[in-house]
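Each remark here refers to the structure printed beneath this line.
The values are calculated or read from the model by the stated rules, or taken from the named source; none is laboratory data. Remember, predicted model here, so these are calculated numbers, not experimental data. Note: ideal-geometry Cβ built from the backbone for every residue, glycine included; neighbour counts use all protein chains shown.
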């Protein structure tokens, strides 16, 4: 079982240090990837992200990671976290329309809810279709912090309810996984999720 995890560093991520520590606590070996050449040296990929969809795609493009990442994640187990999950989509509508990585057929739109946005704090997930990354975490709470949501109908693993509005909190398609929450801020449940990812 290989467990060298490449965490993509593309300027906007912001939470790389805490993700690295959480993956190491879960038993993984982490390489922070800033150059496209290094993508070949890892077994699995984590795409973190805090910030806007448009800025994330722009940063990946500026760092020459965009095109290569699109190709590499077709073959390697990949986990997108928060904005990292959102940019797996076809289109984002934050600060205008931006084309994403087009890995999942989805759009990223503002959360329209009669409550405070961003949606922040611990909330539980309702698993609709379990997968290996969510194994054993069906009734757990995770930490969320987001103003946008992924609108997708085909690859949903879990939903989460916020003020009566259900949004997609995780997705899975073949070797690609995405979570809207922050496992690195979700205590033991988050560590277990990283363990599950390492063991894929």
Q | strands (runs of 3 or more DSSP E) within segment 146-200 that include 3 or more residues within 14 Å of the chain's Cα centre (by Cα) and farther than 20 Å from residue 28 by Cα | A | 148-151, 156-162, 165-173
Q. Give me the pairs: first residue in segment 34-56 and on the phi > 0 side of the Ramachandran plot and free of Cβ contacts under 8 Å to residues at least 12 places away in the same chain, second residue in a strand (DSSP E or B) and crowded, with 16+ Cβ neighbours inside 10 Å, beta-carbon distance under 6 Å, and six or more apart or on different chains, which are they?
A. none
Q: Kindly list the number of the only condition in (1) in contact with a strand residue (DSSP E or B) (Cβ under 7 Å, 6 or more places away or on another chain); (2) surrounded by 17 or more Cβ atoms within 10 Å (Cβ to Cβ) that fails for residue 41.
A: (2)
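Yes or no, residue by residue, for (1) loosely packed, with under 13 Cβ neighbours inside 10 Å; (2) within 15 Å of residue 160 (Cα to Cα):
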{"position": "51", "(1), (2)": "no, no"}
{"position": "65", "(1), (2)": "no, no"}
{"position": "71", "(1), (2)": "yes, no"}
{"position": "82", "(1), (2)": "no, yes"}
{"position": "93", "(1), (2)": "no, no"}
{"position": "107", "(1), (2)": "no, no"}
{"position": "112", "(1), (2)": "yes, yes"}
{"position": "115", "(1), (2)": "yes, yes"}
{"position": "140", "(1), (2)": "no, yes"}
Q | One residue from 46, 133 being in contact with a strand residue (DSSP E or B) (Cβ under 8 Å, 6 or more places away or on another chain), at pLDDT 95 or above, in a loop (DSSP other than H, G, I, E, B) and buried (at least 23 other Cβ atoms within 10 Å of the Cβ) | A | 133
Q) Any idea which of (1) at pLDDT 95 or above; (2) out of contact with any strand residue (DSSP E or B) (no Cβ under 8 Å at 6 or more places or on another chain); (3) closer than 20 Å to residue 155 by Cβ; (4) assigned to a helix (DSSP H, G or I) is the one residue 22 doesn't satisfy? A) (3)
